[in-house]
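Notes follow once the structure below has been shown.
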Amino acid sequence: MAPVSLVTTPFARLLVIREVGATREAQVAILLDAGAGLPAPGRTLTALSRGWHGVEWRWSTPPLAEVRPFASAAEATAHLRETMITVAPTADRLIAHEVRLGRWLAAAGLVGLVIMVLIGGPPPLVRAATLLLPTWAMARTLAAPSVTGGPLVFGILAGLSLLMFAVVLWRRPARRTPIGLGASVLLLASAPPMMFAVGRQLAPAIELSGVLGWFGWQAVLALGASAYLAIAAAPLRSGRDATATHKWGIIAAGCAILVGAAGVIAWTPAGWLWWLAPLWAVPVAALLPVTSEGARRVAITTMAGVLAALAAWGASLDQRQQLAQADLDRLGARFDQGAVLALEALGERISAERLTRLDRLYSAWRGSEVATLETPTMLAVWYRGDPVEYVALDQLAVNWADLERVVEVATASRRRISLPRGSGRHEVLVVPLAGDTIVTVTIGPRSRIIAPTRFGRLVDWRSPRDPAYLVRELPGITEPDTPEFRRSGRWIRADRLVESGAQPVVARAEIGISRNRPFAVRAAVTVLLDVLIVLTAWLICRGLIGGGGGAVMGVFRRSYRRTVAATLAAFFLVPAVLFTLWSLLRLQQDSARERGAEVTRVLRNAVVRGELAQVTQADPDRAALELLADGVGADLAIYRRGRLVAASTPLLAELGLLAPVIDPALARTESNEASTNVAGLPGVNLRLGVEQTAALGTVLAAVLPGAEAQLQREQVDIALLLLLASLGGGIAAVVVAGLVARALGQPIEALARTALAIGHREPLPDLGDPPAEFEPVFGAIAQMEGDLRESEAELEAGRSRTEAILSTVATGVIGVSADGTVMHVNPRAEALLGIAVAREQPLIAQLPAGWEAVGEGVHRLLGPHTRDAESRELEIGELRVAVTVAPLGDGGLVIAVTDITEASRAARILAWGEMARQVAHEIKNPLTPMRLGLQHLQRLRADGRPEFAEQVDQTASRLLVEIDRLDRIARAFARYGGPTTGDDGPLEPVNLETAVREVVELYALAAGEPRVELVGQSATPCAVRREELIQVLLNLLDNARSADAESVRLVLAPLQLQVRDDGRGISAEQVGRIFEPTFSTTTSGTGLGLAIVRRLVEGWGGTITVASEPGEGTTFTITFVPATAPTPDTLPA
């Protein structure tokens, strides 16, 4: 066989890909396209590729039955590209697409607007109104049905709206009133009949298939019931709910569950029994006492879940009863107008399209209203009075003799004949076509009393997986036992006498109620899920409105209860999940084993029958194959060398339910069972079994309906059991975690009470016998309490000692608390303030006149913020005090007041002495050049030089100049020691180079070091006082000589002078202090020279900076202010 094959039937196109291994074969079937005649096929590739825009596909080749092999998947893909032709979507489809997109965008925009409003933090009422806006908008726009999904989502929105209103009511202050209590009782008591009426009115118009559909409908009822009960119970809230226990809420929930169990018994086909409503008063009465708010919510949601489950269950039984009643009404000789009209419409199509082949006839029927109404049908194609092709989908009471008599009456036009047979009226439509071909379509009463045939079951015709009711004949009974529906155990039955055929029959309709265990499991799961869903919706609504639900969740996330609950839940859930997986796997294995045994039984029965030899010959006898299939009760097929050559029902092969090719190597397994496999058509619930025959290369195949429906029901039951175990385990884990957390919390609470008692200096509570695990903690607490008492005694003793010490110190100390009141004051502080300071009273209000600055500092530094301490000196009369205000860590202050009157007087005396030393120091500077000049004259006279007279005159002139300088130095010291005045005269323009050169020449007269060198030039006049400039330069040169400098370079630049020496330098720690008075780097210096230098330079408006490296030398840089109007006499000659 080819690895890839394109299988084409009149109803489907499949791409089959095979991969053959050493002992096994893997086969994948891709459903490319499917027609209307296929029985519930899976999603086709063309349907999936249609996508959002609805691009259609058509085939360039007709759907003829053939198998086309390909050597590879690439070759098959290339062929598909050639034969599949895209069809552009119509304008209507594109418009519909854009309308749907616009509706979705509008809905998304509305949701975004709601989210933005909620994030803005409006008041709760505004939040509630904002959340209700989508409900109103969707109800008023055309987008609602397509966007929201119809009545189900409308019900959800309505339930959420009521729940939102209930949350708003529960946010109001809790207060009970007699009127509110009476109204609440009446509303709660009216809940059961209201919910039953709503359940009947809102029940879906068609049967719901599957558990999810039923539960979705029931969950909507539960949401609405919870909202109604929450609104009704809002007046029951009181101010004592916050401290109440959970007892009555738990009792109310338990009573509601018991009432729900009783309600299962109270339902009858005629309605609910009278005693159910009074019984509902028990959980209502349990809600009246004071209970905690959480327990009341759980009770309300449980009651709502029970009511919703009962209402949905009762409404579904009512609906099934109505369907069964309608089924019985269609039996007998009654005329089914809907089915007859559908039959006539099908006849018109047969005539118009000339459907002379059974496959085309079947396809037309499958897409007709006859099939939609699930009308029992038999199709046949006649040629010259003989049936050449036929298929019976149901076991109709009309036989071949009846049909032959109808066909014998030849007419040129279409006609319909009514035949009362069996349990009802049958209709035969005769459609003459070209030549001698006639098509007959026979239908029976639309009732489940007519069972599908073997072919009908194979194509899943009128075979629901979970039928709503059953109808069967009661053989041998001529009188109905229960003409009306009655409940008997887990069955609801009604009988009907049918008089249509030759003999009247009794038909019985039966509605099954689930077995006890599955029913109890589904009921428990339903109520638990209702409670969880409603409580979750409540928390979400409260969080959106702003109810603080997040704080509760935050506490839960930080508590031990979460850890214990997660551990216990895992302990419950992990074994349950493993057991469920094992059960599902075993269930699948048992189902496969049973299906294999059934296939083996059918094939063995076929092998032992005599017709096998006729069907395995070179030209199989189809009649013998049909007879053999009827004998074994299953459709059969013959495969020769892997290809289908004959089938008991050829339509199965044309539908694709019989694979056109199979692996020819299939043989009986080692377990002596036939090989079984699923049908080749995806989505079809069939099983195909094969058995080798005596004929070489011939395989007998049997087609049986799959058991997936029963398997799925059992799987659903197991899954629901797992869900119940998971929910029960989760709830049990939370409850046990709460109990464990409470047990752990009791000693912790005792520890908290003990700690509070210690903190409040109260007697310790009686702790009793703590758990063994907490004995070390309790012992540590007791030891801590003893240590605290000892510490308090020591602290009190230390406080007394501190007060005693502070009472004797000469500094006044005032302690101020964070609120500004006086905590402590010593006698010295009161003496300095001159008043008696009152404790526990504000300090600022008690300060006497003159102490306002202290009050401002207290006001500025008081409080929890951290600031640096402030100090200042105050003169109050003849008293001079130093006040320091320092903040404490607790927001208070401490104020230290020191009398510095005598200390100030001594400091002034010391300052005058210091000034005298400074004057003596500065006087020595002019004396140095005077001494040098006189020594120079002495040397000239001793040498007898002729220029002696001239040098005497020059030296005398310089001595007079230095004497004038001494006078100016005295005035400069007076100016340094006091405020600046105008006695020194104005600044004058000075040529910096001339002045500096004069100092260099003066130093050149003296022998020894340092050597002074002038570098650079500057013609820009500077605004200085010439005598002060000379004094600054001499001080800097004298400073270099004291630093053992060998050479000094005076570097000139415009408006700048640098004095660089190669002395021992100044350390980094000392550089910042060299301009301070009395600071000196030598033991012989007074530290006044550089202080005077900076004072003089800054007096000109200039600046002086210093840079020094130890061992490398020091550089002083002076920056000058330019002179605005230099004079000629100051310029260089």
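Any residue that is at pLDDT 75 or above and either within 30 Å of Leu358 (Cβ to Cβ) or in a strand (DSSP E or B) (or both) - is there at least one of those in the stretch 607-616?
Yes: one or more hits.
Residues are listed down the side, and each one gets a yes or a no for (1) out of contact with any helix residue (DSSP H, G or I) (no Cβ under 6 Å at 6 or more places or on another chain); (2) outside the structural domain of Pro464 (by TED's automatic domain parsing); (3) in a strand (DSSP E or B); (4) farther than 21 Å from Arg496 by Cβ:
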{"residue": "Ser363", "(1), (2), (3), (4)": "yes, no, no, yes"}
{"residue": "Glu374", "(1), (2), (3), (4)": "yes, no, no, no"}
{"residue": "Trp382", "(1), (2), (3), (4)": "no, no, yes, yes"}
{"residue": "Glu389", "(1), (2), (3), (4)": "no, no, yes, yes"}
{"residue": "Ser413", "(1), (2), (3), (4)": "yes, no, no, yes"}
{"residue": "Ser418", "(1), (2), (3), (4)": "yes, no, yes, no"}
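Could you check the stretch 626-666 and list, in sequence order, the residues that are on the phi > 0 side of the Ramachandran plot and crowded, with 24+ Cβ neighbours inside 10 Å?
Residue satisfying the conditions is Gly656 alone.
Output the helices (runs of 4 or more DSSP H) that fall wholly within the stretch 57-167 and possess 2 or more residues being farther than 30 Å from Glu654 by Cα and at pLDDT below 75, or say none.
It comes to 91-119, 124-140, 143-148.
Could you say whether any residue in the stretch 392-399 is over 23 Å from Arg349 (Cβ atoms) and touching a residue at least 24 places away in the same chain (Cβ under 8 Å)?
Yes, the stretch 392-399 contains a residue that is over 23 Å from Arg349 (Cβ atoms) and touching a residue at least 24 places away in the same chain (Cβ under 8 Å).
Specify which of the listed residues (Gly745, Gly738) is modelled with pLDDT under 75 and over 30 Å from Ala524 (Cα atoms).
That would be Gly745, the only listed residue that is modelled with pLDDT under 75 and over 30 Å from Ala524 (Cα atoms).
To keep it simple, each residue is scored yes or no on (1) touching a Lys or Arg at 6+ places or on another chain (Cβ under 9 Å); (2) closer than 29 Å to Leu657 by Cβ; (3) modelled with pLDDT of 90 or more; (4) not aromatic (Phe, Trp, Tyr).
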| position | (1), (2), (3), (4) |
| --- | --- |
| Arg366 | no, yes, no, yes |
| Arg416 | no, no, yes, yes |
| Ser423 | no, no, no, yes |
| Val441 | no, yes, yes, yes |
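Taking Ala312, is it of a type in the set (A, V, I, L, M, F, W, C), at pLDDT 90 or above and over 30 Å from Glu404 (Cα atoms)?
no
Would you confirm whether any residue within the stretch 1112-1122 is modelled with pLDDT of 85 or more, touching a Lys or Arg at 6+ places or on another chain (Cβ under 6 Å), part of a strand (DSSP E or B) and buried (at least 18 other Cβ atoms within 10 Å of the Cβ)?
No, there is no match, as no residue in the stretch 1112-1122 is modelled with pLDDT of 85 or more, touching a Lys or Arg at 6+ places or on another chain (Cβ under 6 Å), part of a strand (DSSP E or B) and buried (at least 18 other Cβ atoms within 10 Å of the Cβ).
Return the residue satisfying two criteria in turn: it lies in the stretch 548-586 and is more than 23 Å from Ala743 (Cα to Cα) and among the polar types (S, T, N, Q), and of such residues it is modelled with the highest pLDDT.
Within the stretch 548-586, the match that is modelled with the highest pLDDT is Ser583.
Residue under question is Leu221, and the condition is that it be part of a helix (DSSP H, G or I) and within 28 Å of Trp491 (Cα to Cα); does it hold?
yes
Filter the stretch 1001-1018 down to the residues that are assigned to a loop (DSSP other than H, G, I, E, B) and modelled with pLDDT of 75 or more and list them by number.
Result: Pro1010, Gly1016, Gln1017, Ser1018.
Please indicate, with yes or no, whether at least one residue in the stretch 464-482 is within 30 Å of Ala647 (Cα to Cα), surrounded by fewer than 20 Cβ atoms within 10 Å (Cβ to Cβ) and not aliphatic (A, V, I, L, M).
yes
Give Gly271, Gly263 a once-over and let me know the one that is surrounded by fewer than 17 Cβ atoms within 10 Å (Cβ to Cβ), modelled with pLDDT under 90 and either in contact with a Leu (Cβ under 9 Å, 6 or more places away or on another chain) or not polar (S, T, N, Q) (or both).
Sole residue among the options that is surrounded by fewer than 17 Cβ atoms within 10 Å (Cβ to Cβ), modelled with pLDDT under 90 and either in contact with a Leu (Cβ under 9 Å, 6 or more places away or on another chain) or not polar (S, T, N, Q) (or both): Gly271.
Going by the conditions given, is Ala324 at pLDDT 90 or above and not acidic (Asp, Glu)?
So Ala324 fits the description; yes.
Scan the stretch 1038-1089 residue by residue and report those that are modelled with pLDDT under 80, charged (D, E, K, R) and farther than 16 Å from Phe1116 by Cβ.
Once the filter is applied, which keeps residues that are modelled with pLDDT under 80, charged (D, E, K, R) and farther than 16 Å from Phe1116 by Cβ, the stretch 1038-1089 yields only Glu1069.
Can we say Leu38 is closer than 30 Å to Leu169 by Cβ and either at pLDDT below 70 or in the same structural domain as Ala166 (by TED's automatic domain parsing) (or both)?
For Leu38, the condition - closer than 30 Å to Leu169 by Cβ and either at pLDDT below 70 or in the same structural domain as Ala166 (by TED's automatic domain parsing) (or both) - is not met.
Listed residues Arg668, Arg761; which is assigned by TED's automatic domain parsing to the domain that holds Leu587, part of a loop (DSSP other than H, G, I, E, B), modelled with pLDDT under 75 and in contact with an Asp or Glu (Cβ under 9 Å, 6 or more places away or on another chain)?
Being assigned by TED's automatic domain parsing to the domain that holds Leu587, part of a loop (DSSP other than H, G, I, E, B), modelled with pLDDT under 75 and in contact with an Asp or Glu (Cβ under 9 Å, 6 or more places away or on another chain) holds for just one of Arg668, Arg761, which is Arg668.
Are any residues in the stretch 177-201 in contact with a Pro (Cβ under 7 Å, 6 or more places away or on another chain) and in contact (Cβ under 8 Å) with a residue 60 or more places away in the chain, and if so, which ones?
Scanning the stretch 177-201 gives a single hit, Leu181.
Does the stretch 363-377 hold any residues that are touching a residue at least 40 places away in the same chain (Cβ under 8 Å) and either surrounded by 22 or more Cβ atoms within 10 Å (Cβ to Cβ) or hydroxyl-bearing (Ser, Thr, Tyr) (or both), and which are they?
Result: Ser363, Trp365, Val370, Thr375, Pro376, Thr377.
Mind checking which residues of the stretch 450-468 are assigned to a loop (DSSP other than H, G, I, E, B) and closer than 22 Å to Gly332 by Cα?
Matches in the stretch 450-468: Ile450, Ala451, Thr453, Arg462, Ala468.
Restricting attention to the stretch 916-950, and to residues there that are in contact with a Phe, Trp or Tyr (Cβ under 7 Å, 6 or more places away or on another chain) and surrounded by 14 or more Cβ atoms within 10 Å (Cβ to Cβ), which single residue is modelled with the highest pLDDT?
In this case the residue turns out to be Leu940.
Can you name the residue in the stretch 484-500 that is among the hydrophobic types (A, V, I, L, M, F, W, C) and either in contact (Cβ under 8 Å) with a residue 40 or more places away in the chain or buried (at least 20 other Cβ atoms within 10 Å of the Cβ) (or both) and is also farthest from Val264 (Cα to Cα) among such residues?
Val498
Only one residue in Ala270, Ala295, Ala266, Ala324 is under 20 Å from Arg490 (Cα atoms), touching a helix residue (DSSP H, G or I) at 6+ places or on another chain (Cβ under 7 Å) and either of a type in the set (A, V, I, L, M) or not assigned by TED's automatic domain parsing to the domain that holds Gly159 (or both), so which one is that?
Ala266
Name the pairs: first residue in the stretch 501-520 and in a loop (DSSP other than H, G, I, E, B), second residue among the basic types (Lys, Arg) and at pLDDT 75 or above, Cβ to Cβ under 6 Å, at least 6 apart or on different chains?
Taking only residues 6 or more apart or on different chains, the pairs are Gly501/Arg421; Ile513/Arg490.
Does the stretch 186-207 contain at least one residue that is in the same structural domain as Leu317 (by TED's automatic domain parsing), surrounded by fewer than 19 Cβ atoms within 10 Å (Cβ to Cβ), at positive phi and in a loop (DSSP other than H, G, I, E, B)?
no
All but one of (1) out of contact with any Phe, Trp or Tyr (no Cβ under 9 Å at 6 or more places or on another chain); (2) within 22 Å of Leu686 (Cα to Cα); (3) of a type outside the set (Gly, Ala, Ser) hold for Leu612; which doesn't?
Tallying (1) out of contact with any Phe, Trp or Tyr (no Cβ under 9 Å at 6 or more places or on another chain); (2) within 22 Å of Leu686 (Cα to Cα); (3) of a type outside the set (Gly, Ala, Ser), Leu612 fails exactly one: (2).
The values are calculated or read from the model by the stated rules, or taken from the named source; none is laboratory data. Nothing here was measured: the structure is a model prediction, and the numbers come from that model. Note: ideal-geometry Cβ built from the backbone for every residue, glycine included; neighbour counts use all protein chains shown.
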